[in-house]
Amino acid sequence: MIYLDHAAATPVSAKALKAMEPYFATEFFNPSAAYLPAKKVAADYEAAKDTIAHAVGAKGTDLVITAGATEANNLAFTAVAQHNYGKDEVLYLETEHDSVRAVAQRYGGKAIRVLSSGLINLNDLKTKITDETKLISVSLANNELGTIQPLAEVAAIIKEIKIDRYKRGIKKPLYLHSDASQALNLLDINVARLGVDMLTISSAKIYGPKGIGALYVSHGVKLSPLTLGGGQEKGLRSGTENVPGVIGFATAAKEAKEHLNGNRKKYKDLKRILLSGLQGYELINKKHTLDNFIVLCYNGVDAERLIYLLEDREIYVATGAACAASKGQKSHVLTAIGLNNSQIAGSLRLTLGETNTAEQIHEAARIINETVAAERKRING
Ligand code: PMP
């Protein structure tokens, strides 16, 4: 099999799997229990949170552990529900993952436009910020195109607005949240350098277990819990801690840091091999994109059919976000960057990862070329 869908899921690394194992059966204790073995588990849990936080230049105490990126994104938006300074407005980038879009829309959020490059339209951002704006959500890297947003520039705009508000005696806070789920193992992330108030990270895309993620929350940001109960995670996320999950996430986060430069070089090389080996395509995500993301358009061909035809040859690719694909919806991301219906229908997302080798990529290029050529022949009768 040649797996080219690492943006949808990554296998758990051998190290992460091994690190997690003891916490399922022998070190199973509830971290909140009073006896010594449980206190040791609690200490391991906190140390693992520190390791995860260090991967983004933060401290373990700045993180709220969640059951993945979706929950972390939802939690970030509870900053809006604090009705202490009048009406709150929310802005979000139109190409966000549905776990941001859906919750932003629930709060009546306004979409910030992107340019045809997929990058945020900073002028649109500036015109949409009002004195009521409380939260702006802009992902670090898009999950369909891999587009890396200029977050530091967004943060600089927000900083100017905050200074201006302060001078005018407006007390409403203005927060920047970013969903970095796709980027943790592909970019060198530091919360201070990015200038974010909240950052979503996820284990599932970095060779850690699924169902575990975190929200980095800077000091002073007030959130409300989505779950009430035993008061774990400083009251922001009640429920017995997922100790094996956090241990696996920490191991994967540490490995992500160690492998970052090597992997980026590897993906650049593999991308070059793939793009020079493939024929008859249009490259959609030409610039400002994660090293492992390749979005191709085969005009006039139905990419959904290509997925199934390639599956028969044991090559696994995607058309866009896995969740959107399963609902059969037209990609809001490809629409937002101005692709027409025929281009959208013909677009394939290939995401490279640690499982790939140069031999696989040569082989994949050959089989994709054959498959597309056969499809074109069939269509043209
Ligand atoms: N945000 C982004 C950018 C993603 O790619 C994903 C996963 N496709 C999510 C959020 C949701 O992650 P999860 O399903 O693990 O909660």
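The values are calculated or read from the model by the stated rules, or taken from the named source; none is laboratory data. Fair warning: this is a prediction, and the values are worked out from it, not measured in the lab. Cβ atoms come from the backbone with ideal geometry, glycine included; neighbour counts cover every protein chain shown.
Out of curiosity, is A72 within 17 Å of Q232 (Cβ to Cβ), within 16 Å of the ligand (Cβ to nearest atom), touching a residue at least 12 places away in the same chain (Cβ under 8 Å) and surrounded by fewer than 20 Cβ atoms within 10 Å (Cβ to Cβ)?
Spelling it out, it is not the case that A72 is within 17 Å of Q232 (Cβ to Cβ), within 16 Å of the ligand (Cβ to nearest atom), touching a residue at least 12 places away in the same chain (Cβ under 8 Å) and surrounded by fewer than 20 Cβ atoms within 10 Å (Cβ to Cβ).
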### Query
Quick check, is K271 at positive phi and of a type in the set (D, E, K, R)?
no
### Query
Exactly one of (1) surrounded by 14 or more Cβ atoms within 10 Å (Cβ to Cβ); (2) in contact (Cβ under 8 Å) with a residue 60 or more places away in the chain; (3) over 18 Å from the mean Cα position of the chain (by Cα) is unmet by L296. Its number?
(2)
### Query
Mind checking whether some residue in segment 93-109 is surrounded by fewer than 22 Cβ atoms within 10 Å (Cβ to Cβ), within 16 Å of the ligand (Cβ to nearest atom) and among the aliphatic types (A, V, I, L, M)?
yes
### Task
Could you grab the pairs with beta carbons closer than 7 Å, sequence gap of 6+ or different chains, first residue in segment 187-198 and closer than 23 Å to E255 by Cβ and at pLDDT 95 or above, second one of a type in the set (F, W, Y) and surrounded by 14 or more Cβ atoms within 10 Å (Cβ to Cβ)?
V191/Y216
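Out of the residues in segment 142-176 that are closer than 30 Å to L350 by Cβ and in a loop (DSSP other than H, G, I, E, B), state the one that is nearest to the ligand (Cβ to nearest atom).
Pass one, segment 142-176, residues closer than 30 Å to L350 by Cβ: 142-154.
Still in the running and in a loop (DSSP other than H, G, I, E, B): 142-146, 149-150.
On the way: N142: 7, N143: 3, E144: 9, L145: 11, G146: 10, Q149: 12, P150: 17 Å.
Checking each candidate, the answer is N143.
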### Query
If you take the residues in segment 311-335 that are crowded, with 21+ Cβ neighbours inside 10 Å and modelled with pLDDT of 95 or more, which one is farthest from the chain's Cα centre (by Cα)?
I315
### Task
Considering only segment 188-242, state which residues are surrounded by 23 or more Cβ atoms within 10 Å (Cβ to Cβ) and away from the ligand (no atom under 16 Å from the Cβ).
D197, V217
### Message
Restricting to segment 1-16, give me the number of residues that are crowded, with 17+ Cβ neighbours inside 10 Å and within 18 Å of T51 (Cα to Cα).
### Response
3
### Message
Looking only at residues that are over 28 Å from L348 (Cβ atoms) and part of a loop (DSSP other than H, G, I, E, B) in segment 131-141, which one is farthest from the chain's Cα centre (by Cα)?
### Response
D131
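Going residue by residue through segment 20-32, is there one that turns out to be within 24 Å of the chain's Cα centre (by Cα), among the aliphatic types (A, V, I, L, M), at pLDDT 95 or above and farther than 28 Å from K222 by Cβ? Walk me through it before giving the result.
The first filter runs over segment 20-32 and keeps only residues within 24 Å of the chain's Cα centre (by Cα), leaving 20.
Then drop every residue that is not among the aliphatic types (A, V, I, L, M), which leaves 20.
Within this subset, residues satisfying the condition of being at pLDDT 95 or above are 20.
Next, only the ones that are farther than 28 Å from K222 by Cβ stay: 20.
Yes.
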### Message
Consider segment 195-239. How many of its residues are farther than 17 Å from S181 by Cβ and under 15 Å from the mean Cα position of the chain (by Cα)?
### Response
0
### Summary
Within segment 338-356, residues surrounded by 19 or more Cβ atoms within 10 Å (Cβ to Cβ), part of a loop (DSSP other than H, G, I, E, B) and hydroxyl-bearing (S, T, Y) come out as none
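Do we have S32 as touching a residue at least 12 places away in the same chain (Cβ under 8 Å), surrounded by fewer than 19 Cβ atoms within 10 Å (Cβ to Cβ) and more than 29 Å from K134 (Cα to Cα) here?
Answer is yes for this residue.
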## Note on the structure
Listed by range, helices (runs of 4 or more DSSP H) wholly within segment 226-335 having at least 1 residues that are farther than 29 Å from R376 by Cα are 243-277
